[in-house]
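One structure below.
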Amino acid sequence: MEDRVRVVIAEDSVLLREGLTRLLTDRGHEVVTGVGDAVALTKTIGELAAQDALPDVVVADVRMPPTHTDEGVRAAVWLRKEHPGVGVLVLSQYVEEEYATELLAGSTRGVGYLLKDRVADVREFVDAVVRVASGGTALDPEVVAQLLGRSRKQDVLAGLTPREREVLGLMAEGRTNSAVAKQLVVSDGAVEKHVSNIFLKLGLSPSDGDHRRVLAVLTYLKT
């Protein structure tokens, strides 16, 4: 059982909202409330903040009423600015690079972007919610693939070897060094060496702390 987290869900599909609630509560987590649009989300967060009862994480759809364009991601960006201690995990039908870039800009703490298909893997989804609630990062492999694919055109990653790029992609998904080693069928020591090389080549010093793992993936966004 993971550490219990408090969650607010923002999803206009009642069926999906109830499904997400069931997935999380069945694993022992608390769903504080569920709302169907971005206006209700910001209002709810404001009320919870006034009660000193903010959730650990908000799970929000990228597209919500009334226009079903970018209301969800706009609310997520607002939330990260106004309440940086609250994790934000957005769900989307497909990878929208502009939205992903906007969400990931600035602080790299407590943020995630998953495709809705990923919810079908209950364990993976719940793990992502807990990780983001704890201040970690959870990026869908498809998001990583597209963003890294675009970044290969940037000189900033030109010095990385194909294997280092592969390790970087797995790191961005939120995997630990041990998990990366298992995926690539190599030793933990080999992965640690690749990670150190990535940090060195991207100019990320030890003073950047644990955020180096995410900064390594997001460096190209600032180029």
Problem set entry | For segment 53-68, Karplus couplings with θ = phi - 60° (6.51, -1.76, 1.60), whole Hz, Gly/Pro x | 9, 4, x, 7, 7, 10, 9, 9, 6, 5, 10, 9, x, x, 9, 6
For this session: Would you mind computing, in nm to one decimal, how far apart the modelled labels at Glu30 and Ala53 are, each placed 7 Å from Cα along Cα→Cβ?
Result: 0.8 nm
Problem set entry | Residue-count net charge about Leu170 - beta-carbon cut-off 12 Å; Lys, Arg +1, Asp, Glu -1 | +2
Exercise. Residues with amide H under 5 Å of Val31's amide H, sequence separation 5 or more or different chain, H placed in the peptide plane at 1.01 Å from N; which?
Worked result: Val7
Problem set entry | Residues whose placed amide H lies under 5 Å from that of Gly136, excluding near-sequence neighbours | Gly110
For this session: For segment 1-133, just say rounded, prolate or oblate: build the C-alpha gyration tensor, square-root its eigenvalues into a ≥ b ≥ c, call rounded for a/c under 1.5, and beyond that prolate if a/b exceeds b/c, oblate if not.
Result: rounded
For this session: State in Å² the accessible area per residue of the chain; use a 1.4 Å probe, count heavy atoms of protein chains only, and round to the nearest integer.
Result: 48 Å²
Exercise. What net charge is computed for the residues neighbouring Asp12, neighbours being all others with C-beta under 14 Å from the C-beta of Asp12, Lys and Arg scored +1, Asp and Glu -1?
Worked result: -3
Exercise. Can you work out ³J(HN,Hα) from phi for every residue in segment 15-31, in order, using Karplus 6.51 cos²θ - 1.76 cosθ + 1.60 and θ = phi - 60°, giving whole Hz and x for Gly and Pro?
Worked result: 4, 5, 4, 5, x, 5, 4, 5, 4, 6, 5, 5, 9, x, 8, 9, 8
Exercise. What nm distance separates the two modelled labels at Arg123 and Ser196, each placed 7 Å from Cα along Cα→Cβ?
Worked result: 3.2 nm
Seminar exercise, completed: With a Förster distance of 25 angstrom and the Cβ-Cβ distance between Asp3 and Glu82, calculated FRET efficiency to the nearest 0.05 equals 0.50
Exercise. What shape does segment 1-71 take by its C-alpha gyration tensor, where a ≥ b ≥ c are the square roots of the eigenvalues and a/c under 1.5 counts as rounded, a/b above b/c as prolate, and the rest as oblate?
Worked result: oblate
For this session: Run the quick spin-label model on Ser134 and Lys182: label points 7 Å from Cα toward the beta carbon, then report their separation in nm to one decimal.
Result: 1.4 nm
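The values are calculated or read from the model by the stated rules, or taken from the named source; none is laboratory data. All of these numbers come straight from a predicted model, not from anything done at the bench. Cβ atoms come from the backbone with ideal geometry, glycine included; neighbour counts cover every protein chain shown. Note: areas computed on protein heavy atoms with side chains; ligands, DNA, RNA excluded. Shrake-Rupley method; radii C 1.70, N 1.55, O 1.52, S 1.80 Å.
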